[in-house]
Amino acid sequence: MFPTKVKRLLQLRNTLWGCASLKAHCSRLVLGIETSCDDTGAAVMDETGKILGESLHSQKEVHLRTGGIIPTVAQQLHRENIERVVQEALERSHVAPSRLSAVATTVKPGLGLSLGIGLDFSRRFVRQHNKPFIPIHHMEAHALTVRMHLPVPFPFLVLLVSGGHSLLAVARGVDDFLLLGHSLDEAPGDTMDKVARRLSLIKHPQCSTLSGGQALELLAKDGDRSRFPFRTPMGQTYDCCFSFAGLRNQVNMAIMKKEAEEGIEQGTLLSCVKDIAAATQHTVACHLAKRTHRAIVFCKENGMLPSSNPILVLSGGVASNEYIRKTLSIITETTGLHLLCPPAKFCTDNGVMIAWNGVERLREGKGILPPNVDVCYEPKALLGVDMSAEVRAAAIRLPSVRIKIHN
Ligand code: KG4
Ligand code: ZN
């Protein structure tokens, strides 16, 4: 009799504990808010990484029409949409603000005017609802998005490529990064957007609603890259930094030459846009691949990655490019790394990745601030500890790797 009673009590206790922990678990909900560039995003996520509701307003079409992001226009569009986007994410998740455990918002890096809208809104929101605030580094969020779907352990190497950034880093923890290289001028997404604009791809029937990178990827599928043998940048610099401005110049010169040959004005579609798209995309991919290859060798030489199952994560808007993914996979296969990319939808900016970064920080109790603390946005912010000088000093020469991709 006694043992049965004890057993029942134990069962009851376990059930109660189970409920209590389940409740605690379920009650840890994070609202993520993103406004660092031209996407107004919000999402509600539980502590397991389940997306309960999300909303995203893209300004892409407006900026395509105006020929690039005008910061004051981006700011105004964020201002017009932030309230609705956050409201939608909350309604879709059936979560009242009172049930949130914290609000996580991008505060750096990005366009100051855009960051300011998300931050001002969040400041008011956390004060009104008395919620903790988690300031988020946009690039850290891109770097850790992959852990939302897969249990990727630290440390891992990450290549982040977007419209505003190009960087290689070792992710050692939620707030612990070593920066191996970064762009010295513009980012690959920016270069591809500018090339697409110079080619007037908005006038191309298949490309009118696509970002520059998406347009180049689409056209490149039927292009012959060998017609424009652009030089891969920084061939004589043995570090992991990037430069894309010189490539853009090479492409612009080639476009001008073709316009003269075909006797057409700037603003008219060239007959060889597909070949230029293929050559530009290939050169961007090769540049990313070479710097990443050097970063892998550097990490291996310095024991910075695990010897078993080392991982390269590729993320950011440009990481949705299949050609670039395939090129990077040649490097990971050659060097024995495993390549992981978040789904394309989560590579470009969104509120989900910010909510997830908030969850990661909440779990570890890192960077959680009371509602009334003053936080400022930072348009420029490095990712982690800058080790690019050490990488440069190592001057690693690479064996050549044949990059051949079939579309
Ligand atoms: O990460 P993201 O949404 O915003 C920034 O933080 O910059 O990236 C946007 C960038 C744009 O430059 C866009 O042209 C590029 O990502 N992009 C692509 C592709 N899709 C978006 N670049 C190359 N291929 C794509 N498929
Ligand atoms: Zn981004």
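The values are calculated or read from the model by the stated rules, or taken from the named source; none is laboratory data. What you see is a predicted model; the values in this text were computed from it and never measured. Here the Cβ is made from the backbone with ideal geometry for all residues, glycine too, and neighbour counts use every protein chain on show. Only protein heavy atoms, including side chains, enter the accessible area calculation; ligands, DNA and RNA are left aside. Shrake-Rupley method; radii C 1.70, N 1.55, O 1.52, S 1.80 Å.
Calculation over all alpha carbon pairs of the stretch 260-385 in 5 angstrom steps from 0 returns a P(r) of 2, 8, 12, 14, 15, 15, 12, 8, 7, 4, 3, 1, 0 percent. Note: relative contact order over the chain, using C-alpha pairs below 8 Å and six or more positions apart, is 23 percent.
P(r) for the chain, from all Cα pairs and a bin width of 10 Å, is 5, 22, 28, 23, 13, 5, 2, 1, 0, 0 %, short bins first. Computed over the stretch 201-298, relative contact order equals 43 percent, with contacts defined as Cα pairs under 8 Å that lie 6+ residues apart.
For the stretch 210-252, the residue among Gly235, Ala215, Asn252 whose Cα projects farthest onto the positive side of the dipole built from Cβ charges is Asn252.
The length gained by stretching the chain between Leu150 and Asn130 to full extension, at 0.36 nm per residue less their Cα-Cα distance, is 3.9 nm. The residue list Met192, Val146, Val126 was ranked by how far each Cα lies along the charge dipole of the stretch 107-213 toward its positive end, using unit charges on Cβ atoms, and Val126 comes out on top. Say the cut-off is 18 Å between C-alpha atoms; which of Lys345/Lys404; Lys108/Lys380; Lys203/Lys274; Lys221/Lys326 go over it? As for pairs spanning more than 18 Å Cα to Cα, those are Lys345/Lys404. Ellipticity at 222 nm from helices only: DSSP H runs of n ≥ 4 in the chain, each -39500 (n - 2.57), divided by the residue count, give -15000 deg cm²/dmol. For the chain, the dipole from Cβ point charges (+1 on Lys and Arg, -1 on Asp and Glu) about the Cα centre works out to 1180 debye, to the nearest 20.
Using the Karplus relation 6.51 cos²θ - 1.76 cosθ + 1.60 with θ = phi - 60°, the per-residue 3J(HN,Hα) values for the stretch 151-159 come to x, 7, x, 6, x, 9, 8, 9, 10 Hz, with x marking Gly and Pro.
What net charge is computed for the residues neighbouring Leu369, neighbours being all others with C-beta under 14 Å from the C-beta of Leu369, Lys and Arg scored +1, Asp and Glu -1?
+3
Applying the Karplus relation 6.51 cos²θ - 1.76 cosθ + 1.60 with θ = phi - 60° to the stretch 345-354 yields 3J(HN,Hα) values of 4, 9, 7, 7, 4, 6, x, 4, 5, 6 Hz, where x marks Gly and Pro. Taking amide hydrogens as placed 1.01 Å from N in the peptide plane, the amide H of Leu52 sits under 5 Å from those of Val44, Met45, Asp46, each at least 5 positions away in sequence or on another chain. The label-point distance for Leu382 and Ser27, in a model that sets each label 7 Å from Cα toward Cβ, rounds to 4.2 nm. Taking a point 7 Å out from the Cα of Glu265 in the direction of its Cβ, the residues of the stretch 181-201 whose backbone N falls within less than 15 Å of it are 200. What separates the Cα centres of the stretch 236-253 and the stretch 210-224 is a distance of 20 Å. Here each label is just a point 7 Å from Cα along the line to Cβ, and for Gln236 and Asp176 those points are 4.0 nm apart.
Go through 100-106, 367-373 and give me the packing order, highest mean Cβ count within 10 Å leading. Write down the numbers at each step before the final one.
Working: 100-106: 25.7, 367-373: 13.9.
Result, highest mean Cβ count within 10 Å first: 100-106, 367-373.
Which Cα, out of Val385, Leu369, Gly267, lies furthest along the positive dipole direction of the chain (beta carbon charges, K/R +1, D/E -1)? It is Leu369, whose Cα lies furthest towards the positive end. Among the trypsin sites (Lys or Arg not before Pro) in the stretch 210-311, those located in a DSSP loop and surrounded by at most 12 other Cβ atoms within 10 Å of their own Cβ are Arg231.
Amide hydrogen proximity for His338: with H placed 1.01 Å from N in the peptide plane, the residues at 5 or more positions away or on another chain lying under 5 Å are Ile311, Leu312.
Using only alpha carbon pairs under 8 Å that are at least six residues apart, calculate the relative contact order of the stretch 137-236 and give it in whole percent. Reported relative contact order: 16 percent. Quote the FRET efficiency, to the nearest 0.05, computed for Glu61 versus Leu218 with a Förster distance R0 of 22 Å and r equal to the Cβ-Cβ distance. My answer for the efficiency is 0.85. Solvent-accessible area of the chain (1.4 angstrom probe, protein heavy atoms only): carbon and sulfur portion equals 54 percent.
Annotation: amide H-H contacts under 5 Å for Leu29 (H modelled 1.01 Å from N, sequence separation of 5 or more, or interchain): Ser101, Ala102.
Each residue of the stretch 288-300 was assigned a 3J(HN,Hα) from its phi angle through the Karplus expression (A = 6.51, B = -1.76, C = 1.60, θ = phi - 60°), giving 4, 5, 5, 5, 5, 4, 5, 4, 5, 4, 4, 4, 5 Hz with x at Gly and Pro.
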